[in-house]
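Below is one structure, written out as structure tokens; comments come after it.
The values are calculated or read from the model by the stated rules, or taken from the named source; none is laboratory data. In this text the structure is predicted, and so the values were computed from the model without any measurement. Cβ coordinates were reconstructed from backbone atoms using ideal geometry, including for glycine residues, and neighbour counts include every protein chain displayed. When the accessible area is computed, the model is the full protein with side chains, heavy atoms only, and any ligands, DNA or RNA have been set aside. Shrake-Rupley method; radii C 1.70, N 1.55, O 1.52, S 1.80 Å.
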Amino acid sequence: MCGIVGYVGRREAMPVLTEGLRRLEYRGYDSAGIAVHRAGKLAVYKACGKVREVIGTLPKRIRSQTGIGHTRWATHGVPNDINAHPHCDNSQRIAVVHNGIIENASTLREQLLTQGVEIVSDTDSELLAHLIARVDAERLDDAVRTVLRSITGTYGIAVIDTAHPDEIVAARNGSPVILGIGDGESFVASDSAALVRYTQKVVYLEDGEVARLTASGYEVSTLDAAPIARAPAAIEVSDGSYDKAEHAHFMVKEIHEQPECIRRTLRGRLDKRFHSARLDGLNISAKELLSFKRIKVIGCGSAYIAGLLGAKLIERLARLPVDAEVAAEFRYRNPIIEHDTLYLAVSQSGETLDTLIAIDEIQRKGGTVRGIVNVVGSTIARKCAGGIYLHAGPEIAVVSTKTFVSTLIAFTLLALFLGRMRDLSPGEGRRLIEALESLPDLVDDLLIHEADYRRLAAKYAHYDHAYFIGRNYGYALAMEGALKLKEVSYIHAEAYPASELKHGPIALITESTPTVVLVPDDDLVERNLASIAEIKARQGPVLAITQSRAQCNGTMVDDEVAVPVTHELLSPIAMLIPLQFLAYFAALERNCDVDQPRNLAKSVTVE
Ligand code: F6R
């Protein structure tokens, strides 16, 4: 989704900004642009398309020490050169980049038009530049504050002004803004990816805060100009996490990182003495945890699907009722918030607005919510006052792979912890810990078969539709398999509980609609084999993902991938690996942009 980068300091701004834009590309975007000060004027370069296309239009050398850049993911107005950011006022004094949505844009637009302002784009963001330019204030931050007080909606912004060439003003409300603090230089970005190459010292702006950045430092204040003391924090991310290394795409790199991600999520959290887990970050006393009668998980997309699997894990080990719901659906139905329910918000980015608003709803009604989050210091992580960090490292591909696995590990740890507080036996705890410890090696063994998955993907990639079916854990996994396939290969894929097939979808089973059937080695093997027979009776091609003891010998599957048997609760992770590769290689077969699929964004910061 939209990305912001800004620089003021001792270096040439342009290379910092272009590098920042490249680092923001993974978030998904449709246009990009840069504005810098040059000889007392603004120089603005922007275009629809890829960052490299904007960079291609830049003059050879632009001497400037201050500038802002943006990657846009269209909300108001189609993707085109004019709607790309930065936006300027009519006198070309102010340039603005903006993430978020201004809700009172149409009223503001009318007001500006009646005042004779020429508005050139269809965006809500351009209005900010005109409004700021029209405030009569000595200081740029005062002008920005005045305008922001008249705005409703969400924003993360960075503003430059030819009257104040040595500063950037940034502000935040509902859309992340991070300040990067260097030596004789300052940065601003919506994502630490654009900063880590230059500094690891950051300041997170909170909603309703404004920052003034110069080469020598930063000031943070409220919208009413009350100063706020905010010391920088350190970010742990290394610059190398943003390189593909020897891999063709970030998606496949991140699939290969999964054994290490599992180790990182587990690190320091296995309590072998009590056959339990250590989750101090939850920040909830044992007494309080025991008082919860149920758990509710919220999230979006793959985070929600991981929540569905997590709910099953906790229910199984802790015998607590748990359910998962899509965050936006949860908050739109005016949910009943109960004090004996623990709410868990799941998010890789920690910035997904639908999840964030659902958390606000829970907290406003006095509920207890904790986060399962990957990005350290993200808005959701800070809002939840505790939770489980995944420590999976930055996920750059738009589709989630390694953080899905790390989320399942986090849920397994939580299920173990809650189970051992209740009536899970030490023996069961020990068996799960042993299985968790050997899981990275098991996943490593699955990764070796990449070439086999590639052959299978080539066989199935020409179909336009596919079903994914399973039961219990297998159904949730089917949802993730179908989501991955449609996101990256654009094959229409739908997931169903296997038992539902006969209640409707079977009408669409023909020789041109393959079904991926998930057959874990559980009590439902026979039922799953019966579903396969029903599909085959209608000439539907079947690709079965099985576990070595649940092979489909005797039933007529077209193809079978057998993964090793592991602890029942970890089998979804083993069975996920072929599904991830299937999606990846199908996308390659169909020449799709794997890391930045059409229309998708990494961090969805709009409703
Ligand atoms: C799927 C995917 C999305 C995200 C969803 C939530 O591959 O990446 O469905 O899972 O947008 O994002 P986070 O986890 O950042 O809240």
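Give me the one-decimal nm value for the distance between modelled label points at Lys272 and Met556, 7 Å along each residue's Cα-to-Cβ direction.
The two pseudo-label positions are separated by 5.2 nm.
Which value, in Å² and to the nearest 10, is the accessible area of Leu576 when all protein chains are kept and the probe is 1.4 Å?
0
Where Lys and Arg each count +1 and Asp and Glu each count -1, what net charge lies around Ala435 among other residues with Cβ under 12 Å from its Cβ?
Combined, the nearby Lys, Arg, Asp and Glu give -3.
What order, most packed first, do the peptides 300-306, 276-282, 384-390 have when packing is the mean number of other Cβ atoms within 10 Å of each residue?
Per-residue Cβ counts within 10 Å, averaged per peptide and sorted highest first, yield 300-306, 384-390, 276-282.
Report the accessible area of Ile506, computed with a 1.4 Å probe over the heavy atoms of all protein chains in place, in Å² rounded to the nearest 10.
Ignoring ligands and nucleic acids, Ile506 comes out at about 30 Å².
List the lysines whose Cα sits under 20 Å from the Cα of Lys253, skipping any in the same chain fewer than 8 residues away.
Lys244, Lys402, Lys484, Lys486, Lys602
Just subtract the alpha-carbon distance of Glu526 and Ala231 from 0.36 nm times their residue separation and send over the number in nm, one decimal.
Values: separation 295, 0.36 × 295 = 106.20 nm, distance 6.02 nm.
Length difference between fully extended and current span is 100.2 nm.
Please compute the modelled spin-label separation between Asp444 and Ser548, points set 7 Å along Cα→Cβ, answer in nm with one decimal.
Going from the Ser548 label point to the Asp444 one covers 1.7 nm.
Residues of the range 3-241: accessible area per residue at 1.4 Å, in Å²?
Details: 9130 Å² over 239 residues.
Result: 38 Å² per residue.
In sequence order, what are the phi-derived ³J(HN,Hα) couplings for the range 472-486 according to the Karplus relation 6.51 cos²θ - 1.76 cosθ + 1.60 with θ = phi - 60°, rounded to whole Hz, with x for glycine and proline?
Residue by residue, the range 472-486 yields 6, 4, x, 5, 4, 5, 4, 4, 5, x, 5, 4, 4, 4, 5 Hz.
On average over all directions, what projected area in square nanometres does the chain have, based on the convex hull of its Cα atoms?
Working: hull surface 111.1 nm².
Hull-based average projected area comes out at 27.8 nm².
Determine the order of Glu315, Glu236, Glu118 by accessible area, beginning with the largest, at a probe radius of 1.4 Å.
Glu236, Glu118, Glu315
Give me a comma-separated list of calculated 3J(HN,Hα) values for the range 252-269, in order, Karplus coefficients 6.51, -1.76, 1.60 applied at θ = phi - 60°, integers in Hz, x for any Gly or Pro.
Those phi angles translate into 6, 4, 6, 4, 6, 7, 4, x, 5, 5, 4, 4, 5, 5, 7, 3, x, 10 Hz.
Rg and Dmax of the range 507-597, Cα atoms, in Å?
Values for the range 507-597 (Cα only, Rg and Dmax): 14.3, 41 Å.
Per 0.36 nm of contour for each residue apart, how much would the distance between Asp340 and Ala451 grow if the chain were fully extended, relative to their Cα-Cα spacing?
35.0 nm
Taking the DSSP beta bridges in the chain as the whole, what percent of them are antiparallel, to the nearest 5?
Around 60 percent of the beta bridges assigned by DSSP in the chain are antiparallel ones.
Ranked from highest to lowest mean number of other Cβ atoms within 10 Å per residue, what is the order of the peptides 26-38, 144-156, 484-496?
Numbers: 26-38: 25.2, 144-156: 19.1, 484-496: 22.4.
Ranking the peptides 26-38, 144-156, 484-496 by packing returns 26-38, 484-496, 144-156.
When only alpha-carbon atoms count, how far does the range 450-589 stretch along each of its three principal axes, as whole angstroms with the largest first?
On the principal axes, the range 450-589 reaches 35, 32, 25 Å in Cα extent.
With the cut-off at 1.5 for a/c, could you classify the range 294-447 from its C-alpha gyration tensor as rounded, prolate or oblate?
Oblate is the answer for the range 294-447, as a/c is 1.5 or above yet b/c matches or exceeds a/b.
I'd like the FRET efficiency for Glu589 and Glu138, computed as 1/(1 + (r/R0)^6) with the beta carbon distance as r and R0 of 56 Å, rounded to 0.05.
0.40
When all protein chains stay in place, what accessible area (Å², nearest 10, 1.4 Å probe) is found for His391?
70
Remind me, relative contact order of the range 168-323 in percent, using alpha carbon pairs under 8 angstrom and six or more residues apart?
14
Once you sort the root eigenvalues of the Cα gyration tensor of the range 3-241 as a ≥ b ≥ c, which label holds: rounded (a/c under 1.5), prolate (a/b larger than b/c) or oblate (the other case)?
Rounded is the answer for the range 3-241, as its axis ratio a/c remains below 1.5.
Can you give the FRET efficiency for Glu118 and Glu53, using 1/(1 + (r/R0)^6), R0 = 22 Å, r = Cβ-Cβ distance, to the nearest 0.05?
Efficiency, rounded to the nearest 0.05: 0.25.
Using a 1.4 angstrom probe on the protein heavy atoms only, line up His164, His465 by accessible area, largest first.
From most accessible down to least: His465, His164.
Stretch Glu246-Arg61 to full length: gain in nm at 0.36 nm per residue minus the Cα-Cα span?
On the way: separation 185, 0.36 × 185 = 66.60 nm, distance 3.19 nm.
Gain in length upon complete extension: 63.4 nm.
Using a/c under 1.5 as the rounded threshold, could you call the range 3-81 rounded, prolate or oblate? The axes a ≥ b ≥ c are square roots of the C-alpha gyration tensor eigenvalues, and prolate needs a/b larger than b/c, oblate otherwise.
Since a/c reaches 1.5 and a/b is larger than b/c, the shape of the range 3-81 is classed as prolate.
So for the range 3-241, taking the charge dipole from beta-carbon charges (+1 Lys/Arg, -1 Asp/Glu), which of Ala143, Ile102, Gly182 sits furthest toward the positive end?
Gly182
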